[in-house]
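The block underneath contains the structure these notes are about, expressed in structure tokens.
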Amino acid sequence: MLDAAGSPAPGVRIHVETDTGDYVTRTRTDSDGNYAVHVPQDVTVRVTAFRRGDEVVGPIGVADDAPTADLSLSPTGFVHVTATDADTGVALPVRVQLMPTSQAVPSVPGHFGEPAIAGGRLHVEYPTDGDVTVRAPVGDWEVLVSRGYEYELYREVVSVTAGATVDVAATVEHVVDTTGVMCADYHIHTVRSNDSGDDGHLKLASAVADGLELPIRSEHEFAAGFAQEIEDYGVERWAFSVPSVELTTMEFFGHFGVLPAVPDDSKINGGTPLWQTWPTAADPSIEFDSLFPQELFAQVRARPEEPVIIVNHPRGGQNYFEFAGYDPMTGLPDYPEYWDEQFPLVEVFNDSSWRQSLDRTVVDWLSFLDNGRRVFAVGSSDSHGISNSPVGYPRTCLELGTDDPETLSWELVRDVTAAGNSTISGGIYVDASVGAAGPGDDATGLGATAQVHVRVQAASWVDVDAIDVVVDGAIVRTIDILPEDASPANPVIRYEADIAIDVSGANGYVIVAAYGDSSLEPVHPGRIPFGVTNPIFVSP
């Protein structure tokens with residue numbers, strides 16, 4: 001295998017199929033560009049060569065009596081990107097994408113098993129030091145550099161020439177004010193889960209590149225965190241690890257985040273308890289072997305870490321609300337013997353937006369609040385495959401009182417999460433307060449009405465169209481956000497005003513949600529922007 005200049009081409013994947021399209025085998029060229037594959041006798045095969053950033057070679061037919069197949073790549077060049085903060089000049093972890101201007105992106109069929117990336121991209125890279133070099137075919141390509149929702153995008157079209165490297169000095173501007181706030185994704189899977197193929201280092205790098213300070217590993221029945229990956233990359237100033245586990249009752253009564261769950265590396269599965277070895281339920285009509293949910297949750301809460309429980313994806317199939325028959329109209333379960341009255345957190349937004357969840361999990365959440373139970377929402381990605389489920393969409397943004405991950409503790413993250421001192425962001429950041437009270441807090445002595453101060457922030461590339469104001473379970477007001485609503489001094493502030501609400505309800509609370517209808521292209525294709533607060537409890 002040779003490159004366009006006639007030199008050996010290492011690291012090129014060689015795929016072999018029969019002439020009828022049946023996949024046979026694959027290999028990779030060595031440092032000298034050599035490769036060898038074993039194929040069936042008396043069979044004509046087709047050989048395809050692929051290396052990301054090169055044009056695809058083949059498929060080239062090779063007769064059954066041909067012992068060799070020499071291949072050559074087309075001319076390519078390189079793009080070298082360095083990314084820094086526009087204000088400080090400090091190198092930043094970023095997402096770097098190389099996108100076509102008009103040409104087709106070289107690709108091979110999905111069944112070839114090449115690592116998948118977001119559609120239509122030549123490269124998606126996550127340099128934790130802000131420095132990366134990628135290969136590209138000759139021609140014009142767009143370089144897109146991003147750092148999550150709090151930053152503006154950097155875009156530049158470059159011309160790649162054969163054998164040359166073009167340098168891109170990208171500066172990204174931090175525009176959304178999140179002082180004292182850091183954001184968590186409580187539901188991230190890697191190869192430690194049986195249904196994910198993502199490498200832990202890659203998952204962590206993508207989280208940090210997208211500005212997520214609290215990437216929390218949530219493996220099925222495997223207690224783990226990202227502490228080792230954070231140390232390996234040296235990104236302690238950007239991220240903090242809280243170990244956890246996704247308690248997985250398989251097809252029984254759902255999945256639950258346990259935060260924190262400190263791993264014991266001397267034991268199988270990080271010391272995760274054998275939660276599947278429970279005695280048979282007392283009711284003989286129930287055909288399963290397991291402990292009642294309440295008893296299981298009691299076991300979890302008795303752990304020395306004093307973890308909180310998050311009810312993950314509560315609806316659909318055999319998930320917890322379905323299993324217990326929770327009826328949001330009555331606020332009661334059909335099977336109270338399986339119902340827990342203590343869980344403080346529900347994953348209301350599982351890779352979903354405000355409007356997408358409004359008729360389903362939001363209904364459940366509001367029903368708890370309407371019935372006087374203080375259950376708080378979290379938003380997480382439940383990312384299994386990084387190419388189609390980005391880490392950090394959505395994310396739960398916690399009022400931690402610091403911007404330095406190195407000052408955090410597991411206990412602080414746990415307690416602030418459980419207290420609901422947070423908002424959920426899918427690209428939009430919403431702040432709301434009634435006097436000094438913010439999400440999770442009580443505002444009392446207000447009289448019949450109260451003023452809710454609302455601020456909505458979003459980078460210029462994030463669509464923001466409207467606000468819903470929810471009081472006591474009902475959307476009492478929808479406010480269109482117009483371009484002229486943006487602050488003249490800081491257009492990132494799309495809307496800021498005091499909104500009057502009635503606080504005479506018996507279970508008074510207010511929630512504010514903002515949303516758009518265009519996707520978060522080009523960073524997170526297909527994801528819809530939104531932001532929503534946890535409730536502020538209000539009373540006359």
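The values are calculated or read from the model by the stated rules, or taken from the named source; none is laboratory data. Everything quoted here is computed from the prediction, not taken from an experiment. Note: ideal-geometry Cβ built from the backbone for every residue, glycine included; neighbour counts use all protein chains shown.
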> In the stretch 307-339, which residues are exposed (fewer than 14 other Cβ atoms within 10 Å of the Cβ) and of a type in the set (D, E, K, R)?
Replying inline: Asp327, Asp334, Glu337
>> Can you go through Ala500, Ala450, Ala489 and tell me which one is crowded, with 17+ Cβ neighbours inside 10 Å and more than 29 Å from the chain's Cα centre (by Cα)?
In response: Ala450
>> Looking at Ser539 and the list (1) at pLDDT 95 or above; (2) polar (S, T, N, Q); (3) farther than 22 Å from Ser146 by Cα, which single condition is not satisfied?
In response: (1)
> Does Gly435 qualify as being farther than 28 Å from Ser196 by Cβ, buried (at least 16 other Cβ atoms within 10 Å of the Cβ) and free of Cβ contacts under 8 Å to residues at least 24 places away in the same chain?
Replying inline: yes
> What is the residue count in the stretch 1-21 for residues that are under 16 Å from Glu114 (Cβ atoms) and not in a loop (DSSP other than H, G, I, E, B)?
Replying inline: 5
>> Can you tell me which of (1) at pLDDT below 95; (2) in contact with a helix residue (DSSP H, G or I) (Cβ under 6 Å, 6 or more places away or on another chain) is the one Phe112 doesn't meet?
In response: (2)
> Residues in the stretch 439-454: is at least one of a type in the set (Val, Ile, Thr) and in contact with a Pro (Cβ under 7 Å, 6 or more places away or on another chain)?
Replying inline: no
>> Looking at Ser433 and the list (1) on the phi < 0 side of the Ramachandran plot; (2) not assigned by TED's automatic domain parsing to the domain that holds Val512, which single condition is not satisfied?
In response: (2)
> Based on what the data block shows, is Leu446 touching a Ser or Thr at 6+ places or on another chain (Cβ under 8 Å) and farther than 29 Å from Gly234 by Cβ?
Replying inline: yes
>> Name the residue that is nearest to Pro314 (Cα to Cα), counting only residues in the stretch 246-271 that are of a type in the set (A, V, I, L, M, F, W, C) and touching a strand residue (DSSP E or B) at 6+ places or on another chain (Cβ under 8 Å).
In response: Phe256
>> Could you check the stretch 189-226 and list, in sequence order, the residues that are of a type in the set (S, T, N, Q) and more than 15 Å from Ser380 (Cβ to Cβ)?
In response: Asn194
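Residues are listed down the side, and each one gets a yes or a no for (1) part of a strand (DSSP E or B); (2) exposed (fewer than 14 other Cβ atoms within 10 Å of the Cβ); (3) assigned by TED's automatic domain parsing to the domain that holds Val391:
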site	(1), (2), (3)
Thr25	yes, yes, no
Val39	no, no, no
Asp42	no, yes, no
Ala49	yes, no, no
Glu55	no, no, no
Asp64	no, yes, no
Asp70	no, yes, no
Gln97	yes, no, no
Val108	no, no, no
> Restricting the stretch 21-78 to residues that are touching a helix residue (DSSP H, G or I) at 6+ places or on another chain (Cβ under 8 Å) and among the hydroxyl-bearing types (Ser, Thr, Tyr), which is nearest to Val134 (Cα to Cα)?
Replying inline: Thr48
